[in-house]
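Engineer: A single structure is presented below for examination.
Every read-out reported here was derived from the displayed coordinates using simple, explicitly stated rules and does not represent laboratory data. Note that the coordinates shown come from a computational prediction; the quantities given were computed from them, not determined experimentally. Please note: Cβ atoms are built from the backbone with ideal geometry, for glycine as well, and neighbour counts cover all protein chains shown.
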Amino acid sequence: MILDNAISRAEVRRLVIPLQAPVHLGSARITERTYVALRLTLTDGTTGYAYGYDRGLPLFEIVSEAARRYLGNTLRDKKKLALTALGPTPAPRATMVRGVSLCDIALWDAQSKVEGLPLHALLGTLRDRVELMPVIGYGMTPDVAAREGEALAAKGFRTIKLMIDGRDLSFDTAVVHALADALPSNVRFGLDAHWSWCRAAEALPWCRLAEETNALFLEDPVAPTGWRVAAELRSRTSVPLCLGEDALDVASLRDMIEGCDILRLDAAASGGIGYALEGLALARGQGRSVIPHVFATLHQHLGFANDTVERIEAILPELGADPIDAFLMHPMQIEDGMLVAPINPGAGVTLDWHSLERFTTHQEVLTR
């Protein structure tokens, strides 16, 4: 039977991919991106893929250890493996969750291929279009914000996310107002603060900026562990808050709900597709909507299968800030600002494994 297929081989790679041109985010100059990619092979030869950002973690070693715990187990064991591979005690779980995330995604990718279905169909397709929200914010100035916003609106995008500095209110005010003034009335924008503040009082001036410019949301005003601060902030502002992209598990996501109106789910960081499905159920039960965090070719499947997802975020390929996109075998399909449901079997994460070899700095091959 399909679910009796077992994992016979795991290949883990650390990839360092240079950007075609450097980009700037605040004071940081980014010239390359580091990822860890995983390819699992089943006994029938089917391969499943996954990848995630390195984020300065020893992610190569973490994924290798997680994959070792998956070897020899079957597709049927996905849910059990996502628990047991975290380790027998609580201590390693905060670290191991990112390794388990990639293993779980790769298994769902493999199962979808064995079934001959795109992941959204395996989950139960509800719609064939979902809104795409492009991200801007690299090398921002007021002129750049206005120019990029106008260009995206002209392409049919209805929502844009702007990454702000979060330290210089005068600068952010100029950039946000430039974007707001450049957009037509039917195009909205949200703001991403990247954990800029520790106390509600620090965040309030930016909340007022978001309110006066009619921003759709303010994302990550505080770190995930600061959900109580976010809850206080939420009571003092009318702008919707977003939290959740770095949740450790569903329990921590449940805490974050108190401080947000929109949940951010990241299958590649917090437990895989199984975690994301639990997060969607939690969001629905608590009356929250969901915007998944990047990796649009993967997370789009959640949007096509669940209407709790209000839109899908993406760093568009033309920005050049997420270079692994160039190695995806099935890139996003976009029409008039909307993602179109893919028909290819899998979870949308199949990589050109051979072409990525030249960017590999570490590799481990595990066999049963």
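Engineer: If you line up the long axis of helix 93-115 against the longest principal axis of the chain, both from Cα atoms, how many degrees apart are they, to the nearest 10?
Structural biologist: 70
Engineer: Only bridges with both residues in region 121-340 count here: give the DSSP antiparallel percent, nearest 5.
Structural biologist: 20
Engineer: Same structure, new question: What residues qualify as long-range amide H neighbours of ILE312, i.e. H under 5 Å apart, gap of 5 or more or another chain, H built at 1.01 Å from N?
Structural biologist: GLU131, LEU132, MET133
Engineer: Additional query: Place a point 7 Å from the Cα of LEU57 along the Cα-to-Cβ direction; which residues of region 301-328 have their backbone N under 19 Å from it?
Structural biologist: Under cut-off, by backbone N: 324.
Engineer: Using alpha-carbon pairs under 8 Å, 6+ residues apart, how would you state the relative contact order of region 121-340 in percent?
Structural biologist: 22
Engineer: When DSSP beta bridges are limited to those with both residues in region 239-368, what percentage is antiparallel, rounded to the nearest 5?
Structural biologist: Just about 40 percent of them are antiparallel.
Engineer: Right, another one. For a quick check: with amide H placed at 1.01 Å from N, whose amide H comes under 5 Å from LEU19's, ignoring anything fewer than 5 positions away on the same chain?
Structural biologist: Counting only residues 5 or more places away or on other chains, the set is GLU32, ARG33.
Engineer: To the nearest 10 degrees, how steep is helix 296-305 against the longest Cα principal axis of the chain, on a 0 to 90 scale?
Structural biologist: 90
Engineer: Here is a follow-up. Over what distance in Å are the Cα centres of region 201-276 and region 1-61 separated?
Structural biologist: When both Cα centres are located, 26 Å separates them.
Engineer: Report relative contact order for the chain in percent, whole number only (criteria: Cα-Cα under 8 Å, sequence separation at least 6). Can you show the working numbers first?
Structural biologist: Values: 817 pairs, mean separation 81.3, N = 368.
After rounding, I find 22 percent.
Engineer: Take HIS24, HIS299 and order them by how many other Cβ atoms sit within 10 Å, fewest up front.
Structural biologist: Lowest count first: HIS24, HIS299.
Engineer: Are there trypsin sites (Lys or Arg not before Pro) in region 118-147 that DSSP puts in a loop and that have at most 16 other Cβ atoms within 10 Å, and which ones?
Structural biologist: Values: sites: ARG127, ARG129, ARG147; in loops: ARG127.
Answer in residue order: ARG127.
Engineer: What length, rounded to one decimal in nm, is gained on full extension from ALA223 through to THR84, with 0.36 nm per residue of separation minus their alpha-carbon distance?
Structural biologist: Details: separation 139, 0.36 × 139 = 50.04 nm, distance 2.75 nm.
Fully extending the segment from ALA223 to THR84 adds 47.3 nm.
Engineer: Which entry in (1) 63, 26, 14; (2) 31, 25, 20; (3) 34, 22, 20 is this structure's computed semi-axes √(5λ) of the Cα gyration tensor in Å?
Structural biologist: Matching entry in (1) 63, 26, 14; (2) 31, 25, 20; (3) 34, 22, 20: (3).
Engineer: Let me ask something else. Report, for the chain, the % of DSSP beta bridges that are antiparallel, rounded to 5.
Structural biologist: 65
Engineer: How much length would be gained if the chain were fully extended between SER238 and PHE171, taking 0.36 nm per residue of separation minus their Cα-Cα distance, in nm to one decimal? Could the numbers behind the result be given before it?
Structural biologist: On the way: separation 67, 0.36 × 67 = 24.12 nm, distance 2.24 nm.
Here the segment from SER238 to PHE171 would lengthen by 21.9 nm.
Engineer: If you don't mind, another one. Give me the lysines in straight-line cross-link reach of LYS78: C-alpha distance below 30 Å, same-chain residues under 8 apart excluded.
Structural biologist: Qualifying lysines at Cα under 30 Å: LYS113.
Engineer: Let me ask something additional. Taking only Cα atoms and a 10 Å spring cutoff, compute GNM fluctuations for the chain and point out the largest among ASP352, ASP109, ASP266.
Structural biologist: ASP352
Engineer: Can you compute the modelled spin-label distance between ALA6 and TRP353, with each label point 7 Å from Cα toward Cβ, in nm?
Structural biologist: The answer from the label model is 2.0 nm.
Engineer: Can you work out the Karplus-derived ³J(HN,Hα) for every residue in region 253-268? Use 6.51 cos²θ - 1.76 cosθ + 1.60 with θ = phi - 60°, whole Hz, and x for glycine or proline.
Structural biologist: Ordered by residue, 3J(HN,Hα) equals 5, 5, 4, 5, 4, 5, x, 8, 9, 10, 8, 10, 10, 9, 4, 7 Hz.
Engineer: Amide H to amide H, which residues 5 or more places from SER289 or on other chains are under 5 Å from it, using H placed in the peptide plane?
Structural biologist: LEU263
Engineer: Using 1/(1 + (r/R0)^6) with R0 = 45 angstrom and r between the beta carbons of THR125 and ALA201, what's the FRET efficiency to the nearest 0.05?
Structural biologist: Details: r = 46 Å, r/R0 = 1.01.
That gives a FRET efficiency of 0.50.
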